[in-house]
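Working notes, beginning with the structure itself.
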Amino acid sequence: MTSSKWFMILASVSVLALGVAACGDDEESSGGGGDLSGTIRIDGSSTVAPLSEAVAEQFQGENPDVRVTVGTSGTGGGFEKFCAGETAISDASRAIEADEVEACEKAGISFEEVRVATDALTVVVNPQNPVNCLTTEQLKAVWGPASTLSSWSEIPDLEDEFSEDLQLFGPGTDSGTFDYFTEEINGEEGASRKDYNNVGEDDNATVNGVKGAPGGMGYFGFSYFTENEGSLKALEIDGGKGCVAPSVETAQNDEYVPLSRPLFIYPSGEALEEEVVKEFVDYYLENVNDIAEAVGYIPLTEEQLQASQDAVATLG
C-alpha cells in the first residue's frame, strides 16, 4: 500500500464517517445503536488490512466503546494466530491451506471463508508502446531474478517489433504488491531482478517514470491505473487462456489471471457468538462494497456478496 493510497483511504474514511454521523439516529443501521462494547482483534494479510481498517474506522465511529485492532502478520502469520485462538478474524489474500485447516481443527476453531473484495494488479507501459499483451512467461523473462534483458526486442516471442530500452519501475521489497507480483509471476515471493527503478511507496514515481520513457514498464493496483489512464497504457495479460485486459468485470469474474485474486476475511464461529463480533462482521458485509470502491478495491458482485453473507449466516 503506497503512501498516496493510504492518504486516499484516510480521506475516504473521514468522508464515510461524516455520513455515519449524519445518519447516527437511524436505528435500523447495523451496529448503529452505540450500545456495543468490547475489543475485536484482526490479523493477517497486509493487502486486506487497509480495507478492514477502513471498515473498522467507520464502525468505531458509530460504536465508540468498541476497539478494533488490525495487525499485518501476513496471511500465513495471521492464520497461525487465528488457529491458536488469538484473533477473532483473519484477513487473507489467499484461501486457507490444508495444514492451516488441520491446525484450526485440532484447536477446535471453526470458521468460514468470506470473500470481501477483489484485487487486481495492472502492468502499465508508455502509450507509445505498440505492445498490447504479454504472457506470464514473458513477464517472468523481464522481471525474474536471473533476467538480464535490457531491450524490448530481447523479450522472447514478442510479436510486435519494438526496440526501445527497457526501463522498469516497481515498488520496494516491503510492499505487498511486490510480494504478490513476484510470487505469481516469478514463482517465489520476493524473487525479482534488482536492477529496476525501486520507487518504494511512491506510485507517482512509477507513473512519471513510465510516462517519460518510451520503453518504460511498471506495475501497481488497478485503481491507481484508472486515475492515470490518460497517461499510461495497461497491458493485457495472457495467463494461459488468451490475452485479457484488466477491468472491474474481468477481475470480478476471475478471468484476469493470475493478477486478480479474491480477498477474504475468516471469522471464527466462537468469536461470532459474541454480539460485538457478529455486529461487526454483518456491518462489514453491509458496507464493504461502498468502502471498497472508495478506497480503491474492486467491489463484490451481488452474487459474491450474497455468498459471503450466506457463509456468515451458516457459521453464526
(message) Using the Karplus curve 6.51 cos²θ - 1.76 cosθ + 1.60 with θ = phi - 60°, what ³J(HN,Hα) values do you get for each residue of segment 300-316, in whole Hz, with x for Gly and Pro?
(response) 6, 6, 4, 5, 5, 5, 4, 4, 5, 5, 5, 4, 5, 4, 5, 6, x
(request) Report the extension gain between residue 310 and residue 275 in nm, rounded to one decimal, defined as 0.36 nm multiplied by the number of residues separating them, less their alpha carbon distance. (result) 10.8 nm
(request) Choose one answer from 206, 87, 69: the residue with the largest mean-square fluctuation in a GNM of the chain with alpha-carbon springs under 10 Å. (result) 69
(request) Just tell me which lysines come within less than 26 Å, Cα to Cα, of residue 241; anything on the same chain fewer than 8 places away is out. (result) 140, 233
(request) Enter the Cα centre distance for the pair segment 122-148 and segment 267-316, rounded to the nearest angstrom. (result) 36
(message) Rounding to the nearest 10 and keeping the result within 0 to 90°, find how far the Cα-based axis of helix 3-22 lies from the longest principal axis of the chain.
(response) 30
(request) Could you check how much of the accessible area of the chain is carbon and sulfur, as a whole percent, using a 1.4 Å probe? (result) 44
(request) With a 1.4 Å probe and every protein chain left in place, work out the accessible area per residue of segment 113-231 in Å², rounded to a whole number. (result) 43
(message) Projecting each Cα onto the charge dipole of the chain (Lys/Arg +1, Asp/Glu -1 at the beta carbon, about the Cα centre), which of 109, 132, 296 comes out farthest on the positive side?
(response) 132
(message) Need the list of lysines near residue 278 for cross-linking: C-alpha distance under 30 angstrom, and skip anything on the same chain fewer than eight residues off.
(response) 5, 81, 106
(request) For residue 238, enumerate residues with amide H under 5 Å from its amide H, sequence gap 5+ or separate chain, H modeled in the peptide plane. (result) 134, 135, 136, 244
(message) I'd like the FRET efficiency for residue 189 and residue 98, computed as 1/(1 + (r/R0)^6) with the beta carbon distance as r and R0 of 25 Å, rounded to 0.05.
(response) 0.85
(request) Could you work out the local net charge near residue 124, counting Lys and Arg as +1, Asp and Glu as -1, over the other residues with Cβ closer than 13 Å to its Cβ? (result) -2
(request) For residue 194, list the aspartates and glutamates whose Cα falls under 13 Å from its own Cα; do not include residues on the same chain fewer than 8 positions away. (result) none
(message) Could you work out [θ]222 nm for the chain from helices alone, using -39500 (n - 2.57) per DSSP H run of at least four and dividing by all its residues? Round to the nearest 500 deg cm²/dmol.
(response) -12500 deg cm²/dmol
(request) Out of all DSSP beta bridges with both ends in the chain, state the antiparallel percent to the nearest 5. (result) 60
(request) Please give, to one decimal in nm, the separation of the simple spin-label points placed at residue 128 and residue 84, each 7 Å out from Cα toward the Cβ. (result) 5.5
(message) Order 232-244, 110-122, 47-59 from most to least packed using the mean count of other Cβ atoms within 10 Å.
(response) 47-59, 110-122, 232-244
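State, as an integer percentage, the relative contact order of segment 101-260 based on alpha-carbon contacts under 8 Å between residues 6 or more apart.
33
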(message) For the pair residue 255/residue 107, report the inter-label distance in nm, with labels modelled 7 Å from Cα in the Cβ direction.
(response) 4.0
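In nm, what is the difference between 0.36 nm times the number of residues separating residue 286 and residue 245 and their Cα-Cα distance?
This chain segment gains 11.8 nm when fully extended.
The values are calculated or read from the model by the stated rules, or taken from the named source; none is laboratory data. No experiment lies behind these values; they were computed from the predicted model shown. A quick note on method: Cβ atoms are made from the backbone with ideal geometry, for glycine too, and the neighbour counts reach across all protein chains shown. Note: areas computed on protein heavy atoms with side chains; ligands, DNA, RNA excluded. Shrake-Rupley method; radii C 1.70, N 1.55, O 1.52, S 1.80 Å.
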